[in-house]
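Trainee: Next up is a structure, given as structure tokens.
Please treat every number below as a calculation from the coordinates, not as lab data. None of the values given here were measured: they were computed from a predicted structure. Ideal geometry is used to build each Cβ from the backbone, glycine not excepted, and the neighbour counts take in all protein chains shown.
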Amino acid sequence: MGLQPERRAVTMEGMASINSPITRVPSASLLAGALLLPSVAARAEVTLDTLFQDHAVLQRDRAIPVRGVANPGEKVTVTFGSLSVGGTAGSDGRFSVALPAMPASREPRELVVRGETGEARARDILVGEVWFCSGQSNMEWTVDGADESDRAKSAAAKLPIRSFKAPHVTANEPKNSVPGQWRVASAETVGGFTAVGFWFGADLARSFDLEVPIGLVDISWGGTRIEPWIPLDEMASSDFRQRAEDLRAAIDASRAIKPEDRARAQAEEDARYARELDGYWTKALANEPGQKAGWSKADVSLDGGAGGWASAEMPAYYPAMDRGLERFDGFVWVARDFAVPPAIAGKPLTLSLPAIDDCDIVWIDGVQVGSTVNNWTQPRRYAIPGGLAAGTHRITVCVLDMAGQGGFANGAMTLAADGVDAIDLAGGWKWRKGGGVPQAPAPMRRDVSRQPGTEPHEPAAIYNAMMAPCIAYPVRGTIWYQGESNAGEPDAYRKLLPLLMNSWRAKSGNPDMAWGVVQLAAFMPFVENEPAQGAWALLREAQYRGAIAGKGGMISATDLGDAADIHPRRKREVGERLAAWARNTVYGEQHVAWRGPELASATLENGGKVRLRFDHAQGLRASGDASGAPALGGFALAGADGRFVWADAMIMDDGRDGVMLSAPGVTDPVEVVYAWQNNPTRANLVNGASLPAVPFRVKVAR
């Protein structure tokens, strides 16, 4: 990723006008009183908390605290079917009235809360199993964007699954509500469900013979780190105390600034930014080879050849275009031709591109249509008010990455007019490497009005706005798919993951909340001469150790990745592996296998060989197609010099669930690795359930 921009997040305060889907019905006495006594109108109506909405699923076999807001001291009655329980709102107007534990039921019932000031209703409520589905983009990835979407749509209406989706919002203090609504799974709706969550829920539903409804609370946000998901007070009681205290001090200081002083400072900042932005591209491109050669022109040849234009599937980050760009910072030009049909000729158009890391300038037919400087998280939207003539046109994008990984995030690439199908620009493009990072510094706009703690990368920012309003809703557990944005920080992540897990348990009042963690899938090009890369392998180890420390389960997805895409499309397998974990460990189906082989020991044998033994290794074999027995791979040995060499591996047919290794030139091995690469293409050790072995790096015992 590139430089961290100062970017304003969508905050809860900015969404206060969004209506809740809960039906609120004022009582007749309240309406009459409002006509006679205007002061009564200021009294609060009865409202229910976020997840108590139409089509919700309540957790079976647990007391359900129905929460919401009324007037301070107001008596309320909660009715659900034949159940009726009373309670009183506290001095802050909050009430919590517990319904008794109930068995699963597919019978739709209505939840009603009545008070003196009115009533709130939530219709079509079921009782079943509820799970949080959280993390970054690979959890948020939808059924429509994944493989087997048609299969999911065909099955959706037959499965008792419902999903709640929260929008992306932030806050620097915990909130009581977040917008969003429950959706009933159907062929029409399931395309927008989390794909991992849907397949997880589908497998659970089938294991319960479709008699237990499944509720998926999808609270996820692509591209996010783990820190914004952790409550600030929990972080302040951990090894990350100083970071939490520094943020709290910054929040307090910001709130003390007078509004007029903040407005004045923002005006001065905007003026500075405008001055620096003016003429930036002229300076940045002054010595750029692509600019001098006219690569933005409509008639430039896109032919290949030595040093010419190469092909790539877009959108993509630099490493997915070409391995040689993995550590490149600078300009990469991409271009393609496209056709404008007569139906949209001359109509105003909007060009939509995903976020680009870090800067971009875009031309169509050699005419600049838009640019963005120093904002690697913001999807691009460029207006073309005059439209384009029918026929063939050329789009060229000059991408500038100044640090870290550059290129296009995943997302839509379209050219659209109102009321007409958009032109899809994703797919085959041409690309060409330009020069390095220019000397001209890229300006960055600071949002002076932004309060600290509201950027989506800051500690607790997402928890406060999206998770805090839902955390007390009873659930069975959480499935978590995140870590890509923390790659490179394995030591911290190993501590942060159990901190996250235990903090949600504490905040929910549910110390038994189950946690299923997905180990990162393979990504980036396979590197033949680097058997032990570290990088993502280290993060995977941190996930494995962190999940154990947090008393959760981890399923591996190293065999489900895509070298060219950080968002692999094989989400069904991920969801089903998580479901196998839940069925075994949470629901007691001990015959369901969920763990891949895990290293138990590595010992030196005669002749410089290393014997490995594994747990969960019944039926140990090398995976592969049906054409024949594939060679076992993915292992490497190193001697005292620390240089790893690919090892020859053989499964030992001696009933000890073992693998024997040897490597040419390594006569006295001291260390062994397996699947220790960003993309461990060679790693293919599985057990009889076809579950992949967990990556490892260990010293050889003597």
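Trainee: Provide, as a two-decimal number, the C-alpha radius of gyration of region 598-699 over 2.2 N^0.38 Å, N being how many residues it has. Working shown, then result.
Mentor: Working: Rg = 12.9 Å, N = 102, 2.2 N^0.38 = 12.8 Å.
The value comes to 1.01.
Trainee: Related question: Taking the alpha-carbon centroid of each part, what is the distance from region 655-701 to region 378-405 in angstrom?
Mentor: Distance between centres, Cα-based: 46 Å.
Trainee: If you take every residue apart from R94 with its C-beta less than 12 Å away from the C-beta of R94, what net charge results, scoring Lys and Arg +1 and Asp and Glu -1?
Mentor: Details: positive: R67; negative: D49, E74, D92.
Net charge in that neighbourhood comes out at -2.
Trainee: Here is a further query. Give or take rounding to whole Å, what are the principal axis extents of the alpha carbon atoms in region 339-391, in descending order?
Mentor: Result, largest extent first: 35, 18, 17 Å.
Trainee: Any idea what log10 I(q)/I(0) is at q = 0.14 Å⁻¹ for region 442-516, Debye with uniform C-alpha scatterers and no solvent?
Mentor: The calculated log intensity ratios at q = 0.14 Å⁻¹ are -0.59.
Trainee: If I compute Rg/Rh (Cα atoms, Kirkwood Rh) from the structure I just sent, which labelled value in (1) 1.00; (2) 1.02; (3) 0.95 lines up?
Mentor: (1)
Trainee: How big is the Cα convex hull of region 241-302 in projection, averaged over all directions, in nm²?
Mentor: Details: hull surface 34.6 nm².
That works out to 8.6 nm², a quarter of the Cα hull's surface.
Trainee: How long are the three semi-axes of the equivalent ellipsoid for region 213-320, computed from the Cα gyration tensor as the root of 5 times each eigenvalue, in whole Å, largest first? Numbers along the way, then the final one.
Mentor: On the way: eigenvalues 380, 167, 41 Å².
For region 213-320, the semi-axes come out at 44, 29, 14 Å.
Trainee: Further question: What is the order of W182, W646, W676, fewest Cβ neighbours within 10 Å to most?
Mentor: Values: W182 22, W646 16, W676 26.
Ordered from fewest to most neighbouring Cβ atoms within 10 Å, W182, W646, W676 come out as W646, W182, W676.
Trainee: Related question: Return a whole-number percent for the relative contact order of region 598-699, with Cα pairs under 8 Å and 6 or more residues apart as the contact set.
Mentor: On the way: 231 pairs, mean separation 32.4, N = 102.
Relative CO of region 598-699 lands at 32 percent.
Trainee: Relative contact order for region 579-632 using alpha-carbon pairs under 8 Å, separation at least 6, rounded to a whole percent? Please report the intermediate quantities before stating the final value.
Mentor: Working: 56 pairs, mean separation 12.1, N = 54.
The normalised contact order for region 579-632 reaches 22 percent.
Trainee: How many percent of Cα pairs in region 301-429 exceed 17 Å? Walk me through the numbers before you get to the answer.
Mentor: On the way: 4668 of 8256 pairs.
Beyond 17 Å sits 57 percent of the P(r) for region 301-429.
Trainee: Could you check the spin-label model distance between K297 and D421? Points 7 Å from the Cα along Cα→Cβ, value in nm.
Mentor: 3.6 nm
Trainee: Further, regarding this structure: Ranked from highest to lowest mean number of other Cβ atoms within 10 Å per residue, what is the order of the peptides 172-180, 664-672? List each step's numbers first, then the result.
Mentor: Details: 172-180: 20.0, 664-672: 16.7.
Highest to lowest by the protection proxy: 172-180, 664-672.
Trainee: Give me the tail of P(r) for region 283-352 as a percent: Cα-Cα pairs with distance above 13 Å. Mind dumping the intermediate values first?
Mentor: On the way: 1835 of 2415 pairs.
Taking all Cα-Cα pairs of region 283-352, the fraction more than 13 Å apart is 76 percent.
Trainee: Let me ask something else. Calculate the dipole size of the chain relative to its Cα centre from +1 charges on Lys and Arg beta carbons and -1 charges on Asp and Glu beta carbons; express the result in debye to the nearest 20. Each step should come with its number before you reach the end.
Mentor: Details: 73 positive and 82 negative charges, 168 e Å.
Dipole about the Cα centre, nearest 20: 800 debye.
Trainee: Exposure proxy check: L637, L599, L51 ranked by fewest other beta carbons within 10 Å?
Mentor: Numbers: L637 29, L599 19, L51 26.
Listing L637, L599, L51 from fewest to most nearby Cβ atoms yields L599, L51, L637.
Trainee: Further, regarding this structure: Give me the one-decimal nm value for the distance between modelled label points at A157 and R206, 7 Å along each residue's Cα-to-Cβ direction.
Mentor: Simple spin-label model gives 2.0 nm for this pair.
Trainee: Peptides 115-125, 151-161: what's the order by average Cβ count within 10 Å, highest mean first? Write down the numbers at each step before the final one.
Mentor: Numbers: 115-125: 20.2, 151-161: 18.5.
For the peptides 115-125, 151-161, the packing ranking is 115-125, 151-161.
Trainee: Any idea how far the Cα center of region 57-115 sits from the one of region 139-214, in Å?
Mentor: 25 Å
Trainee: Any idea how far apart A563 and R264 come out in nm if each label point goes 7 Å out from Cα toward Cβ?
Mentor: Once both label points are built, they end up 6.0 nm from each other.
Trainee: I would also like to ask the following. What FRET efficiency, computed as 1/(1 + (r/R0)^6) with R0 = 35 Å and r the Cβ-Cβ distance, is obtained for D653 and H591, rounded to the nearest 0.05? Please list the in-between numbers first.
Mentor: Details: r = 25 Å, r/R0 = 0.72.
Calculated value: 0.85.
Trainee: Can I ask one more? Work out, in µm²/s and without decimals, the Stokes-Einstein translational diffusion coefficient of region 456-608 at 20 °C, 1.002 mPa s, Rh from Kirkwood over C-alpha pairs.
Mentor: Details: Rh = 17.1 Å.
So the translational diffusion coefficient is about 125 µm²/s.
Trainee: Taking Cα centroids, how far is region 265-292 from region 413-471 in Å?
Mentor: Each part reduced to its Cα centre gives a spacing of 19 Å.
Trainee: Oh, and also: Below 14 angstrom from the Cβ of V127, what's the summed charge of the other residues (Lys, Arg +1; Asp, Glu -1)?
Mentor: Working: positive: R60, R62, R106, R109, R162, R476; negative: D61, E107, E110, D124, E129, E211.
Within the 14 Å Cβ shell, the charges total 0.
Trainee: Which of the peptides 464-474, 280-290, 328-338, 259-269 is most tightly packed, and how do the rest follow, judged by the mean count of other Cβ atoms within 10 Å per residue?
Mentor: Numbers: 464-474: 23.5, 280-290: 16.5, 328-338: 19.6, 259-269: 12.2.
Ranked by mean Cβ neighbours within 10 Å, highest first: 464-474, 328-338, 280-290, 259-269.
Trainee: Taking the Cβ of Q291 as the centre, find all other residues whose Cβ is under 15 Å away and add up their charges (Lys, Arg: +1; Asp, Glu: -1). Walk me through the intermediate numbers first.
Mentor: Details: positive: K283, K292, K297, R432, K433; negative: E288, D360.
Every neighbour counted, the sum reads +3.
Trainee: Averaging sequence separations of C-alpha pairs under 8 Å and six or more residues apart, then dividing by the length of the chain, give the relative contact order as a whole percent. Mind dumping the intermediate values first?
Mentor: On the way: 1723 pairs, mean separation 95.8, N = 702.
Reported as a whole number, the value is 14 percent.
Trainee: Follow-up. Tell me what the chain gives for mean residue ellipticity at 222 nm when only DSSP H runs of n ≥ 4 count, each as -39,500 (n - 2.57), the sum divided by the residue total, rounded to 500 deg cm²/dmol. Could the numbers behind the result be given before it?
Mentor: Details: 13 runs with 133 residues, N = 702.
Roughly -5500 deg cm²/dmol at 222 nm, from the helical runs in the chain.
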